[in-house]
Amino acid sequence: MDEAAPFLPAGELAGLLAEPDRLRVVAALVLGARTTGEVRAATGLDARRATTALGRLQRAGLVEAGEDGTLVLLAQAFPAAARAARAAGEGGGPNPPDEHGDQPPDRSRILRTFVRDGRLQRMPTAHAKRLVVLDLVVQDFEPGRRYPEREVNRMLRTWFDDVAALRRWLVDVGYLDRDRGDYWRSGGTVTAGTASPGGSR
């Protein structure tokens, strides 16, 4: 899939996962399956059904297969769809909901200024405000998981067009760390019950 390709809207994503075989395949990938064989073992699907489901997920841009056949679920599609839905006011009343209404008031004020419709408008110059904005962005990264640079770029593009700058800011403040082309979450707010940041898969 082209790195610049947009993620699915929330409605299309829900429709894609309404089919039971595809939902089972996604669940298997979330739980760690990385090959077609592992997907079949985890889901109990026969070769035809597993291949059909994987093919549809790949065409939709939700799953990628590497040159070595390793399957990768582009899990960032889910928060991206949620942000877009909130920004569009899907499921709300006559007025769109406050996309930062779930944040503490001091953080919400900052985010309303710099993040609109699920996109970073510009980066704050004040360090404290920059930390708040970058903390929101880094929530898309799962603690304890390593990400190749290509996947990091795709995730960050949903937030900001200047991917290299955003990636550099996250590294500079210590929210992402990197080594030999891999990145992992090393900072930012972590909710209770999540894995410790910085580990590898």
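Bear in mind that the values in this text are calculations on the coordinates, not laboratory data. Only a predicted model underlies this, so the values are computations on that prediction, with no experimental measurement involved. Note that we place each Cβ from the backbone using ideal geometry, even for glycine, and neighbour counts take in every protein chain shown.
The residue among Gly11, Leu71, Gly44 whose Cα reaches farthest toward the positive pole of the charge dipole of region 10-73, with charges on the beta-carbon of Lys, Arg, Asp and Glu, is Gly44. Seen from Val132, the other residues with C-beta closer than 10 Å to its C-beta sum to a net charge of +2, counting Lys and Arg as +1 and Asp and Glu as -1.
Taking 7 Å steps out from each Cα toward its Cβ at Glu67 and Arg178 produces label points 2.0 nm apart.
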